[in-house]
Amino acid sequence: MAQAIQHLRSITFLAGIPPAAAEELAAVSQIRRYEDGHRVYGVGDKVAGIFVVVRGCLKIFRTDGRGHVQVLDFLKPGQCVGEVPVFDGSPIASNAEAHGETELWLVPSDAIRRVAHRTPEVAEAMIQHFAGKIRHLVSLVDALSLHSVPERVAQLLLEEQAKNPSRTLVEFAETQEDLAQCIGASREAFSRALRLLTDLGLIQSTFPVVRILDVPKLQRYAKG
């Protein structure tokens, strides 16, 4: 039970959940394990609740049926997916597959709804959480529709660097193919963009390690 409560509290919007509510959710939640590349769910599926990443990574994406993939996110431990269907009852609008050996904590929909209805702090945190997801999707639409591939790569580098602003060295766990799918580009276009940014003197790239040589200049370039 203690480990289950720890998993629940790793989710930002459940971090301050009252002990009784945490115990209630932990009692009905369960761990699920997936091999690399295993499909967790697909577009149109009815999911049973919120999936919290405990170990590994969860790739969230959509496809157009012709082999084109748009990655919406790579979820790391403590992040979750499935919140929208919990509250509106609709089928899920994305695909998810394990990216490496992955463990997910499944929190059932009905239990989450009960806690949110009874606990104003949880309901408020959920609203803030949804707002953050909307901002992420708006930023993704902006990047895909208004910026060139090199500008999108620059934005990607800056987003990763912002996680540790004191460092200019960025190291990716994902492949170039993975990252290219995040910004709506081919792997070849992603690689060309890295070379262009290197030629412009903005970065040094020995992928998966990239050193940003001038953060302000890269920021200006990323804006187009």
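The values are calculated or read from the model by the stated rules, or taken from the named source; none is laboratory data. Note that the structure is a prediction, hence the values are computed from the model and not measured. Quick reminder, even Gly has a Cβ in these numbers, built from the backbone with ideal geometry, and neighbours come from all protein chains shown. SASA here: full protein model, heavy atoms, side chains in, ligands and nucleic acids out. Shrake-Rupley method; radii C 1.70, N 1.55, O 1.52, S 1.80 Å.
Pairs linking a residue in segment 40-59 that is closer than 8 Å to ILE92 by Cα and touching a residue at least 12 places away in the same chain (Cβ under 8 Å) to a residue that is open to solvent by 20 Å² or more (accessible area, probe 1.4 Å) and part of a strand (DSSP E or B), with Cβ atoms under 6 Å and 6 or more positions apart or on different chains, are GLY42/ASN95; VAL43/ASN95. Within segment 85-120, which residues are under 15 Å from ALA48 (Cα atoms) and out of contact with any helix residue (DSSP H, G or I) (no Cβ under 8 Å at 6 or more places or on another chain)? Residues satisfying the conditions are ASP88, GLY89, SER94, ASN95, ALA96, LEU104, LEU106, ASP110.
Residues in segment 51-86 that are within 14 Å of the chain's Cα centre (by Cα) and β-branched (Val, Ile, Thr): 6 in all. Restricting attention to segment 91-108, which residues are in a loop (DSSP other than H, G, I, E, B) and either among the hydrophobic types (A, V, I, L, M, F, W, C) or open to solvent by 20 Å² or more (accessible area, probe 1.4 Å) (or both)? Passing the criteria: PRO91, ILE92, ALA93, HIS99, GLY100, GLU101.
No other residue among VAL86, VAL141, VAL81 is out of contact with any Lys or Arg (no Cβ under 7 Å at 6 or more places or on another chain), within 29 Å of ALA21 (Cβ to Cβ) and of a type in the set (Val, Ile, Thr) apart from VAL81.
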